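In what follows, a single structure is set out as structure tokens and then discussed.
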Amino acid sequence: MESRTYTADAAPGDSVTVAGWVHEIRDLGGIAFLILRDTTGKIQVKFEKDGMADDLVETGLDLHRESVVAVGGDVEEEDRAPTGVEVVPENIEVLAEADPELPLDPSGKVDAELSTRLDNRTLDLRKAEVQAVFEIRAELLRSVREQFRDLGCTEINTPKIVATGTEGGTELFPITYFGREAFMNQSPQLFKQLMVGSGLERVFEIGPIFRAEEHNTPRHLNEATSIDFESAFYDEHDAMDACEAVVIAAYEGIAENCQDELEALGMADSFEVPDAGFPRLSYEEVIERINATGALDEPLVWGDDLPTEGERALGEEIGEHYFITEWPSEIKPFYIMDKEDDELSTGFDLMHPRLELVSGGQREHRHDRLIEGFEQQGLEPEAFEYYTKMFRYGMPPHAGWGLGAERLVMTMLGLDNIREAVLFPRDRQRLSP
Ligand code: AMO
């Protein structure tokens with residue numbers, strides 16, 4: 001719209017056209033107010049009924065909430081107005097009327113269930129605190145990209161329709177690809193590894209991953225956004241350093257550039273950038289410490305995956321981000337390199353006190369060992385020949401990791417449910433909107 005002014009920019013003395021949604025109408029008799037809202041905030045429009053044309057007053061005050069209007073008029077200082085200024089209207093154009101019955105209340109006065117919010121995401125995102133989550137998510141991705149560029153990475157985009165899975169066969173979504181079986185990709189794992197052997201050497205990707213997780217939990221999505229990193233000539237320690245730098249950069253970007261959004265979430269004072277030097281604990285130490293918390297009925301033994309209650313109990317004790325290193329080889333995927341002692345792997349996870357954020361490790365770059373790894377995991381190396389073949393033509397030692405963007409947003413903002421960090425989440429029940 002030509003010459004539209006954002007409500008936040010309307011200054012006393014200006015003659016403006018502001019455009020947005022009718023947030024509220026307050027009719028006090030001789031005087032009435034229309035509160036107009038746009039992406040930058042709200043502004044009061046004042047109707048002094050006696051001094052104004054009847055049709056202008058009628059158009060302004062007969063509107064239903066959430067109708068879209070453009071209001072032209074002069075901006076005046078008014079101490080009693082919520083933002084210290086108000087518009088004295090000269091004309092009002094109704095651009096889109098809203099039904100009087102709304103499926104949810106964008107003013108936030110009436111709470112809505114998460115499912116109602118997700119069914120009506122457009123209206124839900126008219127609330128400042130919901131909008132703030134997605135402004136923060138966008139800033140997070142921007143700062144992460146910048147940090148990757150500082151680390152000398154090239155951003156890549158790899159296929160999401162693939163011939164083989166990498167992260168476990170039961171979590172694959174099959175699709176039909178011109179009469180052949182294909183899958184939605186679970187991770188850019190193999191492609192990013194193929195790039196470290198190319199001239200690019202160090203890469204990152206931010207893109208969707210698809211997991212046919214059976215269970216509906218507050219921390220799993222069937223379509224998530226993965227922030228992936230991979231570098232030639234890195235070992236797992238270098239990869240952990242890069243991971244820590246990226247997570248801290250995300251927090252720093254938000255602390256610097258999202259004060260208004262943190263305010264809208266009531267977090268302006270409590271938001272803290274984590275200190276560098278995340279503790280690195282071995283898997284062995286972790287299972288001992290979880291057992292010592294007494295949180296589990298059955299103590300963990302070597303080779304067990306870490307149950308949610310165990311992670312949570314240890315997270316509470318540690319109270320900050322921490323890495324778990326030296327995982328048993330048998331519970332890490334085929335592409336993770338073992339340590340000299342074959343029992344131990346170079347795999348690591350980064351944990352937030354609440355849950356896992358990242359998995360990574362040094363990769364097996366030796367062709368023969370890689371083929372053995374496939375066989376041990378019950379996978380047919382022939383199906384992965386497009387990948388294994390390149391390990392015969394000069395694949396350098398390399399390492400990397402994958403970070404769940406929604407989990408980072410969720411833990412950073414203390415959201416109860418990962419779905420709150422996604423515009424249109426995909427889960428067992430939810431395929432639209
Ligand atoms: P992994 O399967 O552990 O590792 O995934 C890496 C990170 O991605 C996020 N994530 C999910 N987030 C929400 N819902 C899901 N269903 C979901 N699945 C995964 C988590 C998790 O820590 N290829 C390896 C990474 C690597 O080694 O580079 C991988 O995909 O935050």
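Filter the chymotrypsin sites (Phe, Trp or Tyr not before Pro) in the stretch 292-361 to those in DSSP coil with at most 13 other Cβ atoms within 10 Å of their Cβ, and list the result.
Within the stretch 292-361, the qualifying chymotrypsin sites (Phe, Trp or Tyr not before Pro) (loop, at most 13 other Cβ atoms within 10 Å) are Trp302.
Between the stretch 298-317 and the stretch 323-387, how far is it from one alpha carbon centroid to the other, in angstrom?
20
Mind running the shape call on the stretch 7-96? Use the C-alpha gyration tensor, a ≥ b ≥ c as the square roots of the eigenvalues: rounded below 1.5 for a/c, prolate if a/b tops b/c, oblate otherwise.
rounded
Just to confirm the filter: which trypsin sites (Lys or Arg not before Pro) across the stretch 160-218 are DSSP coil and have at most 16 other Cβ within 10 angstrom of their Cβ?
The qualifying sites are Lys160.
Near Lys332, which lysines are there with a Cα under 26 Å away, not counting those fewer than 8 places off in the same chain?
Within reach: Lys160, Lys192, Lys389.
Does the chain come out rounded, prolate or oblate by the C-alpha gyration tensor, with a ≥ b ≥ c the root eigenvalues, rounded set by a/c under 1.5 and, if not, prolate when a/b is larger than b/c and oblate if not? Walk me through the numbers on the way to the answer.
On the way: a/c = 2.51, a/b = 2.25, b/c = 1.12.
It is prolate, given that a/c is not under 1.5 and a/b is the larger ratio.
For a test of the definition: using alpha carbon positions, the gyration tensor, and the 1.5 limit on a/c, classify the stretch 260-406 as rounded, prolate or oblate.
Working: a/c = 2.62, a/b = 1.57, b/c = 1.67.
Because a/c hits 1.5 or more and a/b fails to exceed b/c, the stretch 260-406 counts as oblate.
How much accessible area per residue does the stretch 297-433 have, in Å², with a 1.4 Å probe?
It amounts to 46 Å² per residue over the stretch 297-433.
Determine the relative contact order of the stretch 218-367: mean sequence separation of Cα pairs under 8 Å and six or more apart, normalised by residue count, in whole percent.
Contact order relative to length: 20 percent.
Keeping all protein chains in place, calculate the accessible area per residue for the stretch 7-96 (probe 1.4 angstrom), answer in Å².
Dividing the accessible area of the stretch 7-96 by its residue count gives 48 Å².
What ranking, highest mean first, results for peptides 303-313, 358-368 when packing means the other Cβ atoms within 10 Å averaged over each residue?
So the order, starting with the most tightly packed, is 358-368, 303-313.
What is the chain's relative contact order, in percent, from Cα pairs under 8 angstrom and six or more apart in sequence?
Normalised by residue count, the contact order of the chain is 13 percent.
For the chain, with all protein chains present and a 1.4 Å probe, just round the carbon and sulfur fraction of the accessible area to a whole percent.
46
The values are calculated or read from the model by the stated rules, or taken from the named source; none is laboratory data. A quick note: this is a predicted structure, and the numbers were derived from the prediction, not measured. Note that we place each Cβ from the backbone using ideal geometry, even for glycine, and neighbour counts take in every protein chain shown. Heavy atoms of the whole protein, side chains included, go into the accessibility calculation; ligands, DNA and RNA do not. Shrake-Rupley method; radii C 1.70, N 1.55, O 1.52, S 1.80 Å.
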